[in-house]
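Colleague: Encoded as structure tokens, here's the structure I'll be asking about.
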Amino acid sequence: MVVLESEGGDTNQLSTDGDKLETKLPNVITLEIFRITKDAQQQHGLRHADYQRYRGYCSRRLRRLRKVLKIPQGDRRHYRRRDVTSAHLTAANAENRLLCVPLLQAERAWAHAMQLRQEANTEPRKKFHLVSRLKKAYAHAQTLMQLCESGVCDARTQLEAGAYAAWLGGVLLLELQQWRAAADSLQRAQLVLDKLCAALPDDERHVYKQKVEELKPSLRYCAYNIGDQSAAGDLLAMRGQGLIENLDTLMAQAKESRSGVMHEIEWRGRRVTVRPEKVRLFLIALQDFDKSVQTAQTVEAKIEILENILMDCKDAISALKDEIKNDPKLKTAPETQMPSINYLLSYLMYLRLMRTIERNNLLVQQAEEARKKNTQIDGKKVRPQDLTRLYEIILQNYTELQQLPGFDNDADYQKEIETAMKAYRAFRCYYIAQVLTGLRRFREALAMLERSSNYTSESVANKLADKELLHKVEMLQKDIESCKFEVHADSVLEDDEEDEETKYTSSGKPYKDKKPLVDRLDEYREDTQVLTKNPNIYKLPPPMEAIPCKPLFFDLACNFIEFPNLDDKTGAADGKKQGAGLTGLVKGFLGWGKSDK
């Protein structure tokens, strides 16, 4: 090895092995694309879906980067486009921040497109600008991928750049409704991210796993549009987890494009035209919703899907009410004729109430299973009072069904609702009887069981239309008979003279006497309640006692009685005469008091 020293003091190393010059290779550039973008998104607006704020951050960050890296695009007056090229990456002072320029350009264009998607709900023309910005984002992602594949970046950076470009390409194709090409692009991004997860240590996999989860709804939506009907259930489950938004509108539009437009519906022998767009899309999507409820594996999944249906139905009802309010023709319509749009409103309210009843039935099923297995729901043990409350809510929903506008005089409809209400009243009375049994009120419990038995007999005799409910009512009849015997046996075994401390309720807790200690001092008992923080020793405040009233006398005749003169007996008359004589003597002696005659 020969070392040469130049005049300036710099040293150069030459290799004599093989007469070849040993040159120093440029530094390998590494850039964790998905981690950088995820951190920036979480810190600058996307935690709250504020795409405008994130777009502004990308613009400011780009300006600072170009100033630091000394690649400005002109001055204040003139603009000259300057892109990052492979020459910048192969320079001696190359650094990984150069790759952040095309990355931030792609992120800025994508954030602008997502902002336009939010605004396109009220301004449909912005969808064209949205597609334009996605194309720009995809172009910047392609530039980033080409720079990473120029040979100066490591393998991980190249893979991430390829996955990032494939993802943005899939987003663009999704917006253009090119389902098969979009699915291929997204699957390519998913495959690369899965490979990265397998190769990286555990502490670095979280970002890539999260990105893979974000790709799943889009992939299932592409499969649904291609023709995979099984994808609908997966999409609904993903939306329940908050992974996809506006699913009902998207699925309804996809189904509408394949199977035609829903212009009218038929319900209880009457056809109604569906005019509002939001209502029409909801009714189209409702068919897939119901199928997903039937195919869901667990009760919790079914409840989650039904809650999403109820939210969408509520939005459709609000849109229809707004249209009714803004339509002047409906105000002048005669009361005897029910307009079609009001009939459609009654139909939507019927759908909402029926889905609510179905959801409450699932909650009852979940509570009954937890009660049989002696498990807890949300950290609380299921009690008969909870089931009573659920059946009370179901009966309130049926009461609202009876009062739907336009069906007051429909005898068949009212009879159908009344029959179902009798069945649910039977369940409510049954669980009220269990509550009363726990309170050791056996007579009331037997009365409620008897009433429940009457309701079940009436509902079975009227032939319930719901076969599942009819089966539950038949099972309830058997439970009522066994419960009657249990309550009767408890009432016979009850002895009023036995020690109250040894009595137990059906829940296994000791029956506490409400009689205070001061009223039972003549009885010896080991009362553990006296040692607690709230001992039952004396009732405060003491109870009121009846006492006699103080008599009141009113002398009303005193002012009207004339009393006799007793002056002669008391000596008052003699005093008056004596006073008069002395006075007369003085007057006569002095010459006063003489009267002229």
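Colleague: Which residue out of 512, 569, 550 is at pLDDT below 80 and either out of contact with any Asp or Glu (no Cβ under 6 Å at 6 or more places or on another chain) or part of a helix (DSSP H, G or I) (or both)?
Modeller: 512
Colleague: Within the stretch 267-300, take every residue that is assigned to a helix (DSSP H, G or I) and open to solvent by 30 Å² or more (accessible area, probe 1.4 Å) and give me the one that is nearest to residue 353 (Cα to Cα).
Modeller: Out of the qualifying residues, it is 290.
Colleague: Determine, yes or no, whether residue 89 is closer than 26 Å to residue 193 by Cα, at pLDDT below 90, in contact with a helix residue (DSSP H, G or I) (Cβ under 8 Å, 6 or more places away or on another chain) and not aromatic (Phe, Trp, Tyr).
Modeller: The answer is yes for residue 89.
Colleague: Within the stretch 301-324, how many residues are hydrophobic (A, V, I, L, M, F, W, C) and open to solvent by 80 Å² or more (accessible area, probe 1.4 Å)?
Modeller: So the count comes out to 1.
Colleague: Would you point out the residue of the stretch 478-493, among those that are open to solvent by 100 Å² or more (accessible area, probe 1.4 Å) and modelled with pLDDT of 85 or more, that is farthest from the chain's Cα centre (by Cα)?
Modeller: 485
Colleague: Then there is this: Looking at (1) among the aliphatic types (A, V, I, L, M); (2) open to solvent by 50 Å² or more (accessible area, probe 1.4 Å); (3) farther than 24 Å from residue 210 by Cβ, can you tell me which one residue 69 breaks?
Modeller: Failed condition: (2).
Colleague: Tell me, yes or no, whether the stretch 146-164 has at least one residue that is free of Cβ contacts under 8 Å to residues at least 24 places away in the same chain, open to solvent by 40 Å² or more (accessible area, probe 1.4 Å) and within 30 Å of residue 278 (Cα to Cα).
Modeller: no
Colleague: Can you confirm whether residue 252 is modelled with pLDDT under 75, within 20 Å of the chain's Cα centre (by Cα) and not basic (Lys, Arg)?
Modeller: Judged against the criteria, residue 252 is not a match.
Colleague: Would you mention how many residues in the stretch 115-126 are assigned to a helix (DSSP H, G or I) and either surrounded by 20 or more Cβ atoms within 10 Å (Cβ to Cβ) or free of Cβ contacts under 8 Å to residues at least 24 places away in the same chain (or both)?
Modeller: Number of matching residues: 5.
Colleague: Considering only the stretch 168-186, state which residues are open to solvent by less than 30 Å² (accessible area, probe 1.4 Å), in contact (Cβ under 8 Å) with a residue 40 or more places away in the chain and closer than 19 Å to residue 107 by Cα. Can you show your working first?
Modeller: As a first pass, look at the stretch 168-186 and keep what is open to solvent by less than 30 Å² (accessible area, probe 1.4 Å): 168-172, 182-183, 185-186.
Cutting the leftovers down to in contact (Cβ under 8 Å) with a residue 40 or more places away in the chain gives us 168, 170-172, 182-183.
Once the filter is applied, which keeps residues that are open to solvent by less than 30 Å² (accessible area, probe 1.4 Å), in contact (Cβ under 8 Å) with a residue 40 or more places away in the chain and closer than 19 Å to residue 107 by Cα, the stretch 168-186 yields 168, 170, 171, 172.
Colleague: Out of 215, 159, I need the residue that is in a helix (DSSP H, G or I), among the hydrophobic types (A, V, I, L, M, F, W, C), touching a Lys or Arg at 6+ places or on another chain (Cβ under 9 Å) and at pLDDT 85 or above. Which one?
Modeller: Sole residue among the options that is in a helix (DSSP H, G or I), among the hydrophobic types (A, V, I, L, M, F, W, C), touching a Lys or Arg at 6+ places or on another chain (Cβ under 9 Å) and at pLDDT 85 or above: 159.
Colleague: Still on this structure: Going through the stretch 51-86 one residue at a time, which ones are assigned to a loop (DSSP other than H, G, I, E, B), touching a helix residue (DSSP H, G or I) at 6+ places or on another chain (Cβ under 9 Å) and of a type in the set (D, E, K, R)?
Modeller: 82, 83
Colleague: In contact with a helix residue (DSSP H, G or I) (Cβ under 8 Å, 6 or more places away or on another chain), open to solvent by less than 90 Å² (accessible area, probe 1.4 Å) and on the phi > 0 side of the Ramachandran plot, is that true of residue 45?
Modeller: Spelling it out, residue 45 is indeed in contact with a helix residue (DSSP H, G or I) (Cβ under 8 Å, 6 or more places away or on another chain), open to solvent by less than 90 Å² (accessible area, probe 1.4 Å) and on the phi > 0 side of the Ramachandran plot.
Colleague: Follow-up. Quick test of your reading of the structure: residue 375 fulfils all but one of (1) touching a strand residue (DSSP E or B) at 6+ places or on another chain (Cβ under 9 Å); (2) at pLDDT 85 or above. Name the failing condition by number.
Modeller: If we test residue 375 against (1) touching a strand residue (DSSP E or B) at 6+ places or on another chain (Cβ under 9 Å); (2) at pLDDT 85 or above, just (2) comes out false.
Colleague: Further question on the same structure: Failed condition for residue 359, given (1) under 23 Å from residue 477 (Cα atoms); (2) under 32 Å from the mean Cα position of the chain (by Cα); (3) buried (at least 17 other Cβ atoms within 10 Å of the Cβ), with all others met?
Modeller: That leaves (1) as the condition not met.
Colleague: OK, next. Restricting attention to the stretch 378-396, report how many residues are modelled with pLDDT of 90 or more and touching a Ser or Thr at 6+ places or on another chain (Cβ under 9 Å).
Modeller: Total satisfying the criteria: 2.
The values are calculated or read from the model by the stated rules, or taken from the named source; none is laboratory data. The shown structure was predicted, so the numbers you read here are calculated from the model rather than taken from an experiment. Note: ideal-geometry Cβ built from the backbone for every residue, glycine included; neighbour counts use all protein chains shown. Surface areas here come from the heavy atoms of the whole protein model, side chains and all, with no ligands, DNA or RNA. Shrake-Rupley method; radii C 1.70, N 1.55, O 1.52, S 1.80 Å.
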